[in-house]
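Q: Pasting a structure below so you can have a look.
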Amino acid sequence: MSHQTPATLKPGLYIVATPIGNLGDITLRAAEVLRACDAVACEDTRVTGKLMKHLGASKPLWRYDDHASDKDRARLVASMHDRAVALVSDAGTPLVSDPGYRLVREAREAGVTVTTIPGPCAAVAGLTLSGLPNDRFLFAGFLPVKDKARLEALTELAPVPATLVFYETAPRLTKALAAIGEALPDREVAVARELTKLYEECRTGSPAELIAHYEAHPPKGEIVLLVAPPAERVADAADADQLLAEALQTMKASQAAAQVAKVTGLDRKDLYARALEMRA
């Protein structure tokens, strides 16, 4: 049964995902909400104005961005008690890598109904294109601008057993790739750019290969930068001996061998023979 958005909306906050490039990606429900709401809170009235024009809708556009004060936010929340207010970002899903969560938190605390209208998200779109493992991923927003802070952030994320997803700007791309090469060596990297637009591309390789390409072909547009998870470490004989020694304190040799084989992927028979040697 399809969900129909009524011509008039109940008062509250409507979080509306908008296209990240291709206007054809607006969902039917997002278009209906933007046409039926009482006002739209947006980052840039010019950008949102173009989208509204495309939809043939005309609504009051209220500026709400990173620089909004507590007073602005309180005024906006107060208006939601008797108006349907849509929240949009310039592109994609609001609140992903922006501080809009404060607005949602305060709206909920004020007893305002909050509804989400899902749709495009650059981080997820980049992940689907990259061909990198996506069973686990960590979205980490924008990397710091300063070299030292960028390196520290990447070093901190190095052990995370998941694909790392960042947003980056074109002018900073090669610096970010160089830092990834230093902090996360031997990892495959993907650069997804111009997503959903005419020149959409996703290029994969080592940081050095990608730096060489983008120095020769300076990139434009918004970028999703993805880094493969760390490779599973192959256990060596010393690791196996340590694990066997620990297991043998509480288990028979056959049980210890079976457990260590499971953890390391090493051959159970070889481990059993080694466990008997250690016992002797």
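Q: Are any residues in segment 98-112 loosely packed, with under 15 Cβ neighbours inside 10 Å and either in contact with a helix residue (DSSP H, G or I) (Cβ under 8 Å, 6 or more places away or on another chain) or touching a residue at least 60 places away in the same chain (Cβ under 8 Å) (or both), and if so, which ones?
A: Across segment 98-112, the qualifying residues are ARG102, ALA110.
Q: Run ALA78 past the list (1) buried (at least 17 other Cβ atoms within 10 Å of the Cβ); (2) under 14 Å from ALA41 (Cα atoms); (3) of a type in the set (A, V, I, L, M, F, W, C) and report the number of the one that doesn't hold.
A: (1)
Q: Let me ask something additional. Any residue at all in segment 132-144 that is more than 19 Å from VAL96 (Cα to Cα), in a helix (DSSP H, G or I) and modelled with pLDDT of 95 or more? Outline the logic, then answer.
A: Taking segment 132-144 first, the residues more than 19 Å from VAL96 (Cα to Cα) are 132-133, 135.
Narrowing the set further to residues that are in a helix (DSSP H, G or I) leaves none.
Taking every residue of segment 132-144 in turn, none turns out to be more than 19 Å from VAL96 (Cα to Cα), in a helix (DSSP H, G or I) and modelled with pLDDT of 95 or more.
Q: Run down ALA176, ALA212, ALA190 and say which single residue is assigned to a helix (DSSP H, G or I), within 19 Å of the chain's Cα centre (by Cα), small (Gly, Ala, Ser) and assigned by TED's automatic domain parsing to the domain that holds GLY141.
A: Result of the check over ALA176, ALA212, ALA190: ALA176.
Rundown of residues vs (1) closer than 27 Å to TYR199 by Cβ; (2) in a helix (DSSP H, G or I); (3) over 23 Å from the mean Cα position of the chain (by Cα); (4) touching a residue at least 12 places away in the same chain (Cβ under 8 Å), yes/no style:
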{"position": "LEU9", "(1), (2), (3), (4)": "no, no, yes, yes"}
{"position": "ALA31", "(1), (2), (3), (4)": "yes, yes, yes, yes"}
{"position": "ARG35", "(1), (2), (3), (4)": "no, yes, yes, yes"}
{"position": "ARG46", "(1), (2), (3), (4)": "yes, yes, yes, no"}
{"position": "LYS50", "(1), (2), (3), (4)": "yes, yes, yes, no"}
{"position": "LYS53", "(1), (2), (3), (4)": "yes, yes, yes, no"}
{"position": "ASP65", "(1), (2), (3), (4)": "no, no, no, yes"}
{"position": "LYS71", "(1), (2), (3), (4)": "no, yes, yes, no"}
{"position": "ALA74", "(1), (2), (3), (4)": "no, yes, yes, yes"}
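Q: Can you find even one residue in segment 215-229 that is in contact (Cβ under 8 Å) with a residue 24 or more places away in the chain, among the basic types (Lys, Arg) and buried (at least 17 other Cβ atoms within 10 Å of the Cβ)?
A: There is no residue in segment 215-229 that is in contact (Cβ under 8 Å) with a residue 24 or more places away in the chain, among the basic types (Lys, Arg) and buried (at least 17 other Cβ atoms within 10 Å of the Cβ).
Q: Need the failing condition index for ALA240 against (1) surrounded by fewer than 20 Cβ atoms within 10 Å (Cβ to Cβ); (2) farther than 22 Å from ALA158 by Cβ; (3) out of contact with any strand residue (DSSP E or B) (no Cβ under 9 Å at 6 or more places or on another chain); (4) in contact (Cβ under 8 Å) with a residue 12 or more places away in the chain, just the number.
A: (1)
The values are calculated or read from the model by the stated rules, or taken from the named source; none is laboratory data. Note that the structure is predicted; figures quoted are calculated from it, not measured. So basically every Cβ, Gly included, is an ideal-geometry build from the backbone, and we count neighbours across all protein chains shown.
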